[in-house]
Amino acid sequence: MTVTEDRSGAEVGRERLRKEDARLITGRTMWTENISLPGMLHLGILRSPMAHARITHVDVGPALEMSGVVEAFSGRDIADMQGAMPCVWPVTEDTVLPDYPPLAVDEVRHTGEPVAVVAARDHATAMDALEAIEIDYEPLPVVLDMEEALADGAPLVHADTGTNKCYTWVLDSAEAGTGDDVAQAEADAEIVINRRYIQQRLIPAFMEPRSVVVDPTGEQITMWSATQVPHILRLLLAMSTGVPEQKIRVIAPDVGGGFGGKLQVTPEEFIAFAAARRFGRPVKYVESRSETMLSGHHGRDQIQDVTLCARRDGTVTGISVKLLANMGAYLGIITPGIPILGAFMYGGIYKFPAYRFECSGVFTNTTKTDAYRGAGRPEATFALERAMDDLADELGMDAMEVRRRSWINHDEFPYTTSAGLTYDSGNYEAATEKAMELFGYNELRREQASRRESGDPVQLGIGISTYTEMCGLAPSRILGQLRYGAGGWETASVRMLPTGKVEVITGTSPHGQGHETAWSQIAADRLGVPFDDVEVLHGDTRTSHKGLDTYGSRSLAVGGIALVNACQKVVDKAKPIAAHLLECDPADLEFVDGQYRVKGTPGAGKTLADCALAVFTSHDMPDGVESSLDADATFDPENFSYPHGTHLCATEVDTETGRVTIRSYVAVDDVGRVVNPMIVEGQVHGGVAQGIAQALFEEAVYDADGNLLTGTFVDYTIPSSADLPDIVTDRTETPAPGHPLGSKGVGEAGTIASTPAVVNSVVDALRHLGVSDVRMPCTPERVWQAIRSAQDGAQEGGARL
Amino acid sequence: MIPTAFDYSRPTGVDEAVHALTDGGEDAKVLAGGQSLIPMLRLRFAAPSMLVDLGSVDEMRGVRDDGDALVIGAMTTHAEVLDDPLIRAQAPLIAQATATVADRQVRHMGTFGGSLAHADPAGDMPSVATALDATFEIAGPSGRRSVPASEFFVDYLTSALEPDEILVSVRVPKLAGWGTHYEKFNRVAQAWALVGVAVAIRRSNGTIDEARVALTNMSSTPVRAHGVEEALVGAPATDESMAAAGQHAAEGTEPTSDVSASADYRTHLATVLTRRALGTAAGI
């Protein structure tokens, strides 16, 4: 085990205001929609109103006749040049990969699927012209429910594949040699819990809608896109369309949020790319919010059947999970892999000796699913932590005590789980103790008892969620074993400018995270330069030529190490130059506080800026030393990063109306060493809010014909600050071993932890009334129904709504 | 999305506005604060040929004291209503309900009259006006007329306004000595009410003399809960009588089932919320 190097400087650990905020908050910056190019055409995309239909006739002629409309085409018109939407993660050898044209050619398979395009001189004309396109559909049978889709004789989403099953992926600890046999554990168990939990479908609600501009008129075809993944986008555009990779430049300018929703290469990007090439002039496409809701990929949507085997003393001996995961109608970039990211987390922080996981991906006539903040891990953590509460209830034990019986103790790290992961570090006891103290656990339990006693119409519930996650995606070797189509390394470059200023180039692609600030803090400490002297460049494949972008809480955990290594290379490269300037032997020099000094000799030394100027003039360089202080570093992690924490939630549940009000929320997270505490706190706040949203507020709903009923923010109810509690945050700090900064990821932690904390709390408030489950989101009506069914005695083993 | 093209007129007086509306033909629409109409235009659910923007009709703004009533200009924004001392003192029910309308941004654009003329049964102002027995002052090509709240709301998104008429102001009786309360229940803070209950109640000593109860989103129009009102007259001002009266709340209503709530749940909520609103309004 590598010991984390203690190189704390003045900047890392400091609450720096974010340098990018002024331009992001005022909006005075380069958003994709702000880009306007000479001769640029505005695209409008006609979308299918049918969930499943054959396109029998398309005529774009009437649209072309309208004043201001320059071009129009249907899928058939560009069939040979539009490429196919790629899926880079077929999780099994026999994963079904259906054809996925960016613009539908013969058939549509979900509402909102693009069917025709108009290009006009302005946006409004394009919108008007869409209404003039003539298109006829022949309806085909629709299948929306996953279990119905797998039944014999179900309508097929892709008739040519002969099945609605995309794949079945299995992880069995006995077969893999990572643990015991679950069937045996079940046979030997003193208590077995079987539960079904439903992960409802969610819609990522990033602030900036997806937008794209393509300029085919220069040396390269340049695409600006509001994306999380400019590097991946360039690669896949090249691979899918045949345009040589070096002829494509992709730029992600400032991007207004993503949450996984922009970890995608989209049909709209491909359509705009095809349109620009076809017309030979720049095009712009900016979607409306309704289009985001309808056709941007969705998240979650799983049916989770969980079996927990335990002894009467609360020790869990095994867990078995059977999952149905809704793929939607098509496979996005990593759609099949999302539930697999969860597969490794059903053991959470616990020592479960036996584990079996089986997941089937299912096609339905719905918008495709893909990554949404947490991507597989919130789902896993939810089912696990709900089941732990249900186990505690069955045993009549305190919910925290049951967790203590099975969790990994701090002195047992590194610990290899039955899922096969080696957790490098953690201290679950410390985080839990701190959370319990901040929360006032015992006091709240007393209040809960007294409210139950008095039959208060407003009952109090206490919800626990302990979690760990695998983030810092990802060790390339493991990705290869999982059949993922790329590696997981990250890269950084440092360029010393003649004036001593520094340009840092990162392969990560921030879209609100604050990398410019955090990377500046790291580089300032490592190079001994002022924070303001560092400029962080990103998101343009011409300047940042190499990278794997931002998702999976990977940027600092992986890209941060690349940056540290690149800085170290610069420091090493400058050493002989400094020695030359100081007229001493390099071996006698040390680099302290930004200065090279002769060891043991305080006083004036030479800074990197001195060396940078010397390199620029190169009038007097030591023999054999290159005239450059620039350095690149690429880092491929050997293991994931494992942040963890304990979240506690107290809710007041109005048993008359079903209204749930969060009274207090405590989040104690251990994300290792922190570069900027304010950014970390912001990530936790946002993550917790998003997790609460799944627990209480958000759900994408289709009607029986496959129309999205929650297509606007009137019906898809995202909470605002008025609906959310004050969040008490704190941290414990168990440095990540092997990471020079000791940092773990934090981007998804809040989302992963909070959902089960809230739902456990709601159920806890109502258990004495006979309620053992409330389906998410726990709307007032669902809570009221759960209480009513329990009172009616209609409930057998849990209210299922 | 972008609305289809339309003609635009911005009159400065009521008569001029009526003229513009008449000239615009049957596809002309009045634009007040735009908080309902603009989204409908953007979604292309509505495609009027002309918009008559009342934003510069100054005589339609503000609140004035008219003896036993307040007169609220239809173009007074929710935010202005909320800040108005006359409203706070003489019509606290309106102030309290207005504070629950959507969010701050919407309240600064949306107007009191616009939310009434839109006649959305899920809106808060229609049931409040119904509970207060407000009178609607209307201008049209043939002059002015008054319509009581009980006749103003005709059906879902349909008021007694003719296509060429404009709601100029609303006359709200001062209810001196009454207790009032608006109980709103929604999914998130800025959402429409699943159900709302507007209550005005007058009591002497321990007895209730008169009660007016109107429900939001329980039918295609705001509805008076007559069963509740009748049960309360002469009843003692106690929790028990409020609860008993509340049981009548949903009588005769026709709530819808939609993606936000089922009719059953709305019916249940009406009962609970009415009991609570009555209790708060009666000060018990």
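The values are calculated or read from the model by the stated rules, or taken from the named source; none is laboratory data. Note that this is a predicted model, so its numbers are computed, not measured. All Cβ positions, even for glycine, are placed from backbone atoms using ideal geometry, and neighbour counts span all protein chains on display.
Could you grab me the full set of residues in the range A:716-757 that are more than 19 Å from A:Phe439 (Cα to Cα), assigned to a loop (DSSP other than H, G, I, E, B) and within 14 Å of another protein chain (Cβ to nearest Cβ)?
Selection gives A:Tyr716, A:Thr717, A:Ile718, A:Pro719, A:Ser720.
Being closer than 13 Å to B:Leu273 by Cα and among the small types (Gly, Ala, Ser) narrows it down to one of B:Ala200, B:Ala225, B:Ala237, so name that one.
B:Ala225
Can you tell me which residue in the range A:683-707 is surrounded by the most Cβ atoms within 10 Å (Cβ to Cβ), limited to those that are within 27 Å of B:Val106 (Cβ to Cβ) and away from chain B (no Cβ under 13 Å)?
Within the range A:683-707, the match that is surrounded by the most Cβ atoms within 10 Å (Cβ to Cβ) is A:Gln694.
Pairs under 6 Å by beta carbon, first residue within 7 Å of another protein chain (Cβ to nearest Cβ) in the range B:175-195, partner assigned to a strand (DSSP E or B), six or more apart or different chains?
Pairs that qualify, where the first residue is within 7 Å of another protein chain (Cβ to nearest Cβ) and the partner is assigned to a strand (DSSP E or B), are B:Phe185/B:Val195.
Scan the range A:397-415 and give yes if some residue there is of a type in the set (A, V, I, L, M), more than 27 Å from A:Ile338 (Cα to Cα) and either at pLDDT below 95 or in contact with a strand residue (DSSP E or B) (Cβ under 7 Å, 6 or more places away or on another chain) (or both), otherwise no.
Within the range A:397-415, one or more residues are of a type in the set (A, V, I, L, M), more than 27 Å from A:Ile338 (Cα to Cα) and either at pLDDT below 95 or in contact with a strand residue (DSSP E or B) (Cβ under 7 Å, 6 or more places away or on another chain) (or both).
Would you pick out the residues in the range A:226-242 that are surrounded by fewer than 19 Cβ atoms within 10 Å (Cβ to Cβ) and part of a loop (DSSP other than H, G, I, E, B)?
Once the filter is applied, which keeps residues that are surrounded by fewer than 19 Cβ atoms within 10 Å (Cβ to Cβ) and part of a loop (DSSP other than H, G, I, E, B), the range A:226-242 yields only A:Gly242.
Among (1) of a type in the set (Ser, Thr, Tyr); (2) part of a strand (DSSP E or B); (3) buried (at least 24 other Cβ atoms within 10 Å of the Cβ), where does A:Tyr346 come up short?
(2)
Determine which member of the set B:Ala277, B:Ala237 is within 14 Å of chain A (Cβ to nearest Cβ) and hydrophobic (A, V, I, L, M, F, W, C).
Answer to the selection: B:Ala277.
Restricting to the range B:247-269, give me the number of residues that are at pLDDT 95 or above, within 11 Å of chain A (Cβ to nearest Cβ) and either over 23 Å from A:Ala700 (Cα atoms) or buried (at least 20 other Cβ atoms within 10 Å of the Cβ) (or both).
So the answer is 5.
Which residues, counting only those in the range A:630-681, are polar (S, T, N, Q) and either under 30 Å from B:Tyr265 (Cα atoms) or in contact with a Lys or Arg (Cβ under 9 Å, 6 or more places away or on another chain) (or both)?
A:Thr634, A:Ser641, A:Thr646, A:Thr651, A:Thr655, A:Thr657, A:Thr661, A:Ser664, A:Asn676
For (1) out of contact with any Leu (no Cβ under 7 Å at 6 or more places or on another chain); (2) within 14 Å of another protein chain (Cβ to nearest Cβ); (3) within 30 Å of A:Glu291 (Cα to Cα); (4) not β-branched (Val, Ile, Thr), each residue gets a yes or a no:
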| site | (1), (2), (3), (4) |
| --- | --- |
| B:Ile2 | yes, yes, yes, no |
| B:Asp23 | yes, no, no, yes |
| B:Val30 | no, no, yes, no |
| B:Leu41 | yes, yes, yes, yes |
| B:Gly62 | yes, no, no, yes |
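Any idea which of A:Ala154, A:Ala185 is more than 14 Å from every other protein chain (Cβ to nearest Cβ), within 30 Å of A:Ser320 (Cα to Cα) and outside any loop (DSSP other than H, G, I, E, B)? It would help to see each step written out before you state the result.
Details: A:Ala154 fails: outside any loop (DSSP other than H, G, I, E, B).
Being more than 14 Å from every other protein chain (Cβ to nearest Cβ), within 30 Å of A:Ser320 (Cα to Cα) and outside any loop (DSSP other than H, G, I, E, B) holds for just one of A:Ala154, A:Ala185, which is A:Ala185.
Suppose we filter A:Gly314, A:Gly258 for residues that are part of a loop (DSSP other than H, G, I, E, B), at pLDDT 95 or above and crowded, with 24+ Cβ neighbours inside 10 Å; which single one remains? Before the answer, list the steps.
Values: A:Gly314 fails: crowded, with 24+ Cβ neighbours inside 10 Å.
Going through A:Gly314, A:Gly258 in turn, the sole match is A:Gly258.
Looking at the range A:382-404, can you tell me whether even one residue there is within 28 Å of the chain's Cα centre (by Cα), surrounded by fewer than 19 Cβ atoms within 10 Å (Cβ to Cβ) and either acidic (Asp, Glu) or on the phi > 0 side of the Ramachandran plot (or both)?
No, every residue in the range A:382-404 fails to be within 28 Å of the chain's Cα centre (by Cα), surrounded by fewer than 19 Cβ atoms within 10 Å (Cβ to Cβ) and either acidic (Asp, Glu) or on the phi > 0 side of the Ramachandran plot (or both).
Looking only at the range A:698-746, which residues are within 21 Å of A:Arg663 (Cα to Cα) and of a type in the set (S, T, N, Q)?
Listed by number, the residues that qualify are A:Thr717, A:Ser720, A:Ser721, A:Thr729.
With B:Thr238, B:Thr207, B:Thr221 as the choices, which residue is under 22 Å from B:Ala149 (Cβ atoms) and either over 25 Å from the mean Cα position of the chain (by Cα) or not aromatic (Phe, Trp, Tyr) (or both)?
Sole residue among the options that is under 22 Å from B:Ala149 (Cβ atoms) and either over 25 Å from the mean Cα position of the chain (by Cα) or not aromatic (Phe, Trp, Tyr) (or both): B:Thr221.
Could you count how many residues in the range A:629-665 are under 30 Å from A:Gly738 (Cβ atoms) and either without any contact (Cβ under 8 Å) to a residue 60 or more places away in the chain or among the aliphatic types (A, V, I, L, M) (or both)?
Qualifying residue count for the region: 3.
Look through A:Ala129, A:Ala124 and report the one residue that is aliphatic (A, V, I, L, M), crowded, with 18+ Cβ neighbours inside 10 Å and within 14 Å of chain B (Cβ to nearest Cβ).
Of A:Ala129, A:Ala124, the one residue that is aliphatic (A, V, I, L, M), crowded, with 18+ Cβ neighbours inside 10 Å and within 14 Å of chain B (Cβ to nearest Cβ) is A:Ala129.
Going by what's in this entry, would A:Thr710 be described as within 14 Å of chain B (Cβ to nearest Cβ) and not small (Gly, Ala, Ser)?
So A:Thr710 fits the description; yes.
Quick check on the range A:293-301. Is at least one of its residues away from chain B (no Cβ under 14 Å), surrounded by fewer than 22 Cβ atoms within 10 Å (Cβ to Cβ) and either in a helix (DSSP H, G or I) or modelled with pLDDT of 95 or more (or both)?
no
Let's see how each residue does on (1) touching a Ser or Thr at 6+ places or on another chain (Cβ under 9 Å); (2) surrounded by fewer than 24 Cβ atoms within 10 Å (Cβ to Cβ):
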residue: B:Met75; (1), (2): yes, no
residue: B:Asp83; (1), (2): no, yes
residue: B:Leu86; (1), (2): no, yes
residue: B:Gln96; (1), (2): yes, yes
residue: B:His108; (1), (2): yes, yes
residue: B:Gly114; (1), (2): yes, no
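Answer with yes or no whether A:Met496 is buried (at least 24 other Cβ atoms within 10 Å of the Cβ) and more than 31 Å from the chain's Cα centre (by Cα). Walk me through it before giving the result.
Values: buried (at least 24 other Cβ atoms within 10 Å of the Cβ): yes; more than 31 Å from the chain's Cα centre (by Cα): yes.
When the stated conditions are applied, A:Met496 passes them.
Return the residue satisfying two criteria in turn: it lies in the range A:758-789 and is of a type in the set (Ser, Thr, Tyr) and not in a helix (DSSP H, G or I), and of such residues it is nearest to the other protein chains (Cβ to nearest Cβ).
Here the answer is A:Thr779.
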